[in-house]
Amino acid sequence: MNILLIEDNDSDIQVFTKSVKAWKAERPEITESVDVESCKTLDAALSHTKGQTDWDGIVLDLKLPQDTDGESFLTHLKELYSRIPVVVLSGTPWELDDEYKSTCLKSYVKAEQHEKEILDLLWDCKRTGLMNLIGGKGLFEKYLKTVFDKCIIPRFDEWRGLLQTTGSGNAEVKASEALTRHILTCLSFMLSNDADEIQPEECYVPLTNTAETYKYPIPGMIVSDANSAHWLVLNPACDLALRTTKKKREDGRVEETVAPKTQHVFLVAIEPAAHILGGRNSGEKKKFYANNADLNVHWLPTVKPFGGGFANFRIVTVVSCEGFFDKYHLPETPLAIHPEVLKNIQSRFANYYARQGQPDIAYDRFL
């Protein structure tokens with residue numbers, strides 16, 4: 001494991017290096033070496049990370065010499081689209097701006113001796129395969145190379161043709177978006193599709209945009225009302241896809257509006273698991289977790305930022321798209337249901353109401 005320590009204090013560098021040796025001695029099951037290289041200035045740190053993919057983690061002090069700070073380095077990583085995990089180890093980690101907090105694994109106070117905890121964190125990060133997959137170390141690049149060679153290049157004339165068929169003005173944008181979707185689909189098919197189960201964390205997609213950027217909700221978005229109750233946006237993607245419409249005004253000018261096709265958002269209540277599972281034995285709970293019990297509910301597992309629960313198809317509401325976020329808001333950690341999981345929920349919802357047959361028609365007089 002290769003760690004880049006960005007620290008200007010010799011004593012702190014020595015403490016961290018000694019902690020590595022002590023940590024390694026306590027973990028005999030770790031047979032590979034743990035190497036630490038230190039940088040004392042921002043310029044040195046920049047030269048060590050530009051174009052480099054060897055690092056398994058970076059430990060960063062926020063206070064650096066020459067009137068520079070750790071945030072300048074984090075800005076540099078962002079501009080490089082770097083995917084190296086960063087842990088802040090500083091005397092004043094609380095000074096880290098909110099903009100950067102979400103891009104760091106964790107932040108620690110120097111004086112509290114968290115070095116071994118940091119090493120555990122970076123080692124577990126390495127064990128997950130994260131760095132081998134998207135850390136620029138080969139695996140993801142191997143997948144992309146295969147897609148490039150087998151899926152894109154042989155059909156490039158077709159992709160080139162999109163520039164002539166998508167209309168003028170934004171042909172490049174539409175062609176690029178189509179190509180991006182196709183590449184992601186190819187990558188998905190390259191992964192094993194015969195898994196017996198998926199992990200709860202796979203059921204959700206973190207929303208990377210801030211709440212302020214959403215004028216309209218998107219399918220699968222989890223929102224909260226004024227009473228902190230959770231709701232699931234169940235509209236199909238075609239309903240909430242933004243479309244540009246043009247309307248000629250009385251003064252002759254053309255007015256463009258961008259809005260979803262539908263005027264309404266369809267919401268399903270997410271009830272706490274205790275409301276559904278209370279008083280049931282483990283066998284009954286297992287059926288609910290496997291979505292083999294009542295057809296009117298669908299289990300949403302608990303993950304760290306979301307308490308989970310059950311989507312209850314008997315509790316639904318419809319609200320206007322316009323002003324939606326005046327009544328509903330995104331939780332502190334915004335999430336959406338994974339599109340494939342959402343399709344299952346939508347299908348289950350349709351099946352539930354399809355089974356609600358109409359009453360028998362009185363037919364005696366026709367006999």
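We did not get these values from a lab; they are worked out from the coordinates using the rules stated. Since this is a predicted model, take the numbers as computed values, not measurements. Because the Cβ atoms are built from the backbone with ideal geometry, glycine has one as well, and the counts that use them run over all protein chains shown.
Details
- The condition (being farther than 22 Å from Lys343 by Cβ and not aliphatic (A, V, I, L, M)) is satisfied by just one residue among Gly220, Gly307: Gly307.
- Verdict on Ile222 being under 22 Å from the mean Cα position of the chain (by Cα) and farther than 17 Å from Phe310 by Cα: no
Rundown of residues vs (1) within 28 Å of the chain's Cα centre (by Cα); (2) loosely packed, with under 15 Cβ neighbours inside 10 Å, yes/no style:
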| residue | (1), (2) |
| --- | --- |
| Lys261 | yes, yes |
| Arg280 | no, yes |
| Glu284 | no, yes |
| Phe288 | yes, no |
| Lys304 | yes, yes |
| Ala350 | yes, yes |
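- Scan of the range 230-259 for residues that are assigned to a loop (DSSP other than H, G, I, E, B), in contact (Cβ under 8 Å) with a residue 40 or more places away in the chain and surrounded by 15 or more Cβ atoms within 10 Å (Cβ to Cβ), ordered by number: Leu234
- Verdict on Thr103 being part of a loop (DSSP other than H, G, I, E, B), hydroxyl-bearing (Ser, Thr, Tyr) and free of Cβ contacts under 8 Å to residues at least 12 places away in the same chain: no
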